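Asks: Below: one structure in structure tokens.
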Amino acid sequence: MDVLIIGSGGREYSIGYALNKDENVDKIYFAPGNGATDELGENVNIKDYNELAKFAKEKGIDLTVVGPEAPLVDGVVDIFKEHGLTIFGPSKAAAQLEGSKVFMKNCLKKYGVPTARYIETDSLEEAAEFINSLSEPIVVKADGLCAGKGVIIAQSKQEALDAVKGMLSGESFGEAGSKVVVEEYLDGYELSIFAVCDGKDYVVLPAAQDHKRLLDGDQGPNTGGMGAYVPTPLVNDELYKKVEDRIIKPTLKGLEEDGMPYTGVLFIGIMVVNGEPYVLEYNVRFGDPECEELMVLFESSVADMLYKAATGNLKDAEVKFKDNTYAVGVVLASKNYPYSSSEPAEIIVDEIVHEDLKNNSYIAYAGVSKDEDGKLLATGGRVLVCVGLGSSIRKARDRAYMLAGQVHFAGKKCRMDIAYQALKD
Ligand code: AMP
Ligand code: GLY
């Protein structure tokens, strides 16, 4: 089949990387792709979704996979379906799970899914009353999409109140902050769990753990994610069962009853508190950088799974993962990430002569572009992800860092402790 991948990051690169090796896939297009995806397929520069759908029809594309949340929230799936195309991702209505935190929290409440106690409001007085009833720290979230920046963990009631004020006035996040969610702080460890859904059935993928903070030891500001590993030993069968019974099943049932059956990947951000899972947030797409590790763990065809999910036939898909294999991904970011953009810098990758490393690692390119001479430049915040595979997390991690040492660009930085929670003893 021919596949179109919408997006331009490391997540989309890694989906393309898996599909490029997939015997079910002939040709891959990326819209718009980045400076490295053109080595896996063809980059297409069409921004308008109707025009892109026309292109997909003309080219006879069999499956479109949507990487990022913005096109989903904008309704790209509905548009492609109107054109009679097969596309993997949720409808505009269901994508509100990520597009609006108020919508998401209200769904969780309605469907009885465990989550932090909260209120949603556009009134400062109401927010202040609730803030006074909580103990610190207190979490304040802007309703709309804020590129991962709309969550404030306030250490004092005053800080929480100031955050609410900033959001409601439009100063902090514009329209996205016109409503806020204030909620209690959950103290535990975070997991990313992905369920591939076809509107009726679902398949749960091995759980991942991301590292959101910029610096080692989970210090510094929140980022889009500085590295991840899969599967994490922090999940056992009992916890998977709780997540399915208390979270995935009621959510899918509720969305279906509310006329928004969920197709695509449901990304469940979970906080585990004393062995009990709580939903922090839903996202309506694969995590980035979690996807970069997941994509190299499939034994079965990724294209087949995505196609069957998109066409309501997931029950016929055989989804298998490589036995006894772990993947660790280390993000190499540019100098000023996540504060501001950095000067473009040339990326040099040493020739990798070590057979073991060659066979058990890869680079997922994200914030990169090519100059007129075809040189690869670091032009984004998160530039690339070095992914190592291995029969233990330690081996996979060692390979990821060995690879990271062979990649150079001015200002390169990374966390040195990815997967530390799994390697404590
Ligand atoms: P979100 O975009 O809602 O996932 O929030 C971003 C990050 O803020 C999460 O990955 C958590 O690390 C943190 N966070 C969000 N909500 C809470 C909460 N209720 N308690 C503790 N940490 C939270
Ligand atoms: N890695 C977290 C995210 O994709 O939102």
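The values are calculated or read from the model by the stated rules, or taken from the named source; none is laboratory data. Computed from a predicted model, the values in this text were never measured in an experiment. Quick reminder, even Gly has a Cβ in these numbers, built from the backbone with ideal geometry, and neighbours come from all protein chains shown. The protein model used for the area step is the full one, side chains on, heavy atoms only, and it has no ligands, DNA or RNA in it. Shrake-Rupley method; radii C 1.70, N 1.55, O 1.52, S 1.80 Å.
Asks: Would you mind working out the accessible area per residue for the chain, using a 1.4 Å probe, and quoting it in Å²?
Replies: Ligands and nucleic acids excluded, the figure is 42 Å² per residue.
Asks: Determine the alpha carbon to alpha carbon distance for each of K179/K424; K109/K395; K105/K308; K308/K375; K358/K413 and list only those over 31 Å.
Replies: Over 31 Å apart, Cα to Cα: K179/K424; K109/K395; K308/K375.
Asks: Mind checking the dipole of the chain: about its Cα centre, +1 per Lys or Arg Cβ, -1 per Asp or Glu Cβ, Debye to the nearest 20?
Replies: Result for the chain is approximately 360 debye, rounded to the nearest 20.
Asks: What ranking do 331-342, 358-369, 44-55 get when scored by the average of other Cβ atoms within 10 Å per residue, highest first?
Replies: Result, highest mean Cβ count within 10 Å first: 358-369, 331-342, 44-55.
Asks: In addition: Relative contact order for the chain using alpha-carbon pairs under 8 Å, separation at least 6, rounded to a whole percent? Display every interim value, and only then the final one.
Replies: Numbers: 1002 pairs, mean separation 69.3, N = 425.
Normalised by residue count, the contact order of the chain is 16 percent.
Asks: Here is a further query. Only Cα pairs within less than 10 Å get springs; with that Gaussian network setup on the chain, which residue of L72, L134, L266 has the largest fluctuation?
Replies: Maximum fluctuation in the GNM of the chain, among the listed residues, is at L134.
Asks: While we're here: Would you mind checking the stretch 305-338 for residues with the amide N under 14 Å from a putative spin-label position 7 Å along Cα→C-beta of L423?
Replies: 326-331
Asks: Using the Cα gyration tensor of the stretch 299-359, with a ≥ b ≥ c the square roots of its eigenvalues, what is the shape: rounded (a/c below 1.5), prolate (a/b larger than b/c) or oblate (neither)? Each step should come with its number before you reach the end.
Replies: On the way: a/c = 3.17, a/b = 1.67, b/c = 1.90.
Oblate is the answer for the stretch 299-359, as a/c is 1.5 or above yet b/c matches or exceeds a/b.
Asks: Could you pull out the trypsin sites (Lys or Arg not before Pro) across the stretch 109-192 that fall in loop regions by DSSP (anything but H, G, I, E, B) with no more than 16 other Cβ atoms inside 10 Å? Write out the running numbers ahead of the final one.
Replies: Values: sites: K109, K110, R117, K141, K149, K157, K165, K179; in loops: R117, K149, K179.
Taking the stretch 109-192 and a limit of 16 other Cβ atoms within 10 Å, the loop trypsin sites (Lys or Arg not before Pro) found are R117, K149.
Asks: Along the Cα-to-C-beta direction of K253, a point sits 7 Å from the Cα; which residues of the stretch 104-119 have their amide N less than 13 Å from that point?
Replies: 111-113
Asks: P(r) of the chain in 20 Å steps, Cα pairs, percent per bin?
Replies: P(r) over the chain, rounded to whole percents: 26, 60, 13, 0.
Asks: Also: Along the positive direction of the dipole of the chain (beta-carbon charges: Lys, Arg +1; Asp, Glu -1; about the Cα centre), which of N313, V284, P233 reaches farthest?
Replies: P233
Asks: In addition: Can you check what the net charge comes to around S156, using other residues whose Cβ is under 11 Å from the Cβ of S156 (Lys, Arg +1; Asp, Glu -1)?
Replies: -2
Asks: With a cut-off of 17 Å, note down the residues of the stretch 327-365 whose backbone N falls inside the zone around a label point 7 Å from the Cα of K149 toward its beta carbon.
Replies: In the stretch 327-365, the label zone of K149 (backbone N under 17 Å from the point 7 Å along Cα→Cβ) covers 334-343.
Asks: I'd like the FRET efficiency for K370 and K165, computed as 1/(1 + (r/R0)^6) with the beta carbon distance as r and R0 of 45 Å, rounded to 0.05. All intermediate terms of the calculation are to be shown ahead of the outcome.
Replies: Values: r = 45 Å, r/R0 = 0.99.
Result of the calculation: an efficiency of 0.50.
Asks: How large is the dipole of the stretch 250-352 about the Cα centre if only Lys and Arg carry +1 and Asp and Glu carry -1, each at its Cβ, rounded to the nearest 20 debye?
Replies: It comes to approximately 260 debye.
Asks: Starting from the Cα-Cα distance between S123 and S178, subtract it from 0.36 nm times their residue separation and give me the gain in nm to one decimal. Walk me through the numbers on the way to the answer.
Replies: Values: separation 55, 0.36 × 55 = 19.80 nm, distance 0.96 nm.
Gain in length upon complete extension: 18.8 nm.
Asks: Can you classify the stretch 1-69 as rounded, prolate or oblate using the Cα gyration tensor, where a ≥ b ≥ c are the square roots of its eigenvalues, rounded means a/c under 1.5, and otherwise it's prolate if a/b beats b/c and oblate if not?
Replies: In terms of gyration-tensor shape, oblate.
Asks: Taking the Cα centre of each part, how many Å lie between the stretch 145-197 and the stretch 20-68?
Replies: About 34 Å separates the Cα centre of the stretch 145-197 from the one of the stretch 20-68.
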